[in-house]
Amino acid sequence: MIFDVGPLQSPGYPRHSAQALHFARLSGRGLVAEPVSNRAPGLGGGMETPMSEVTLYGFPRSVYVQMAGIVLTHHEVAYAFYDLETEMNTPAHLALHPFERVPILRHGDFTLYETGAIVGYVDEVFGSCRLTPSEPQLRARMNQWISAVNGYYYPYLIYHVSHERNVFP
Ligand SMILES: N[C@@H](CCC(=O)N[C@@H](CS)C(=O)NCC(=O)O)C(=O)O
């Protein structure tokens, strides 16, 4: 995949530091070279007027967005996908997520961010066959893995290895 980082590589940015991509992203600019639509098929409105009761906001390449999508799909929730790629770090994005990340879930007038919170909510609200174990030790193990991915694996795999090799080689 080719990333268009052109003018983002200002010397003022921490090119090789963790989360370099996050700091280097310019307002309103996507990272992918090819233009992407921010309207899922069938979605006519903007972010303020989602047609579906459940809307997942994010960009398709995001593993966190994919996690939320997998859990929605597992529970056969009909949801709209809103591609935020070209609107990352804009005021509209900031209004949905104060840390300017994805995914974000909207269910009716309820808006939620953080993947763990989203999948837990979806599992509880829509799950006939729950993914969350009822047995405390199994549930604790699940939460341990979620925390480990967020705290240890993701920052190194994505911000260090992947971004530094693919985005800022
Ligand atoms: N703790 C957040 C992490 C989400 C996250 O880091 N998402 C990445 C995409 S996989 C993102 O929004 N990156 C945007 C950026 O770094 O500018 C969660 O669990 O949802």
(1) charged (D, E, K, R); (2) within 15 Å of the chain's Cα centre (by Cα); (3) more than 16 Å from TYR79 (Cβ to Cβ) all hold for ARG106 apart from (3)
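Okay, residues lined up against (1) of a type in the set (Val, Ile, Thr); (2) within 26 Å of GLU85 (Cβ to Cβ); (3) surrounded by 15 or more Cβ atoms within 10 Å (Cβ to Cβ):
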{"position": "GLY108", "(1), (2), (3)": "no, yes, no"}
{"position": "VAL119", "(1), (2), (3)": "yes, yes, yes"}
{"position": "VAL125", "(1), (2), (3)": "yes, no, no"}
{"position": "ARG130", "(1), (2), (3)": "no, no, no"}
{"position": "PRO136", "(1), (2), (3)": "no, no, no"}
{"position": "ARG139", "(1), (2), (3)": "no, no, no"}
Selection from the stretch 82-105 of residues more than 12 Å from the ligand (Cβ to nearest atom) and in contact with a Phe, Trp or Tyr (Cβ under 8 Å, 6 or more places away or on another chain) yields TYR82, ASP83
Residues of the stretch 155-169 being surrounded by 15 or more Cβ atoms within 10 Å (Cβ to Cβ) and either closer than 18 Å to GLY116 by Cβ or hydroxyl-bearing (Ser, Thr, Tyr) (or both), in sequence order, are ILE158, TYR159
Of the residues that make up the stretch 58-75, is at least one within 15 Å of the chain's Cα centre (by Cα) and hydroxyl-bearing (Ser, Thr, Tyr)? yes
Listed by first then second residue, the pairs whose first member lies in the stretch 135-158 and is closer than 15 Å to SER62 by Cα, whose partner is among the charged types (D, E, K, R) and surrounded by 11 or more Cβ atoms within 10 Å (Cβ to Cβ), with beta carbons under 9 Å and at least 6 positions apart or on separate chains, are ASN150/GLU114
### Query
If you check GLU135 against the conditions, is it more than 13 Å from the ligand (Cβ to nearest atom) and either within 16 Å of THR55 (Cβ to Cβ) or modelled with pLDDT of 95 or more (or both)?
yes
Within the stretch 61-81, the residues that are away from the ligand (no atom under 15 Å from the Cβ), surrounded by 17 or more Cβ atoms within 10 Å (Cβ to Cβ) and small (Gly, Ala, Ser) are ALA80
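The values are calculated or read from the model by the stated rules, or taken from the named source; none is laboratory data. If you're wondering where the values come from, they're calculated on a predicted model, not measured in any experiment. Reconstructed Cβ throughout: ideal geometry from the backbone, glycine too, with neighbour counts over all protein chains shown.
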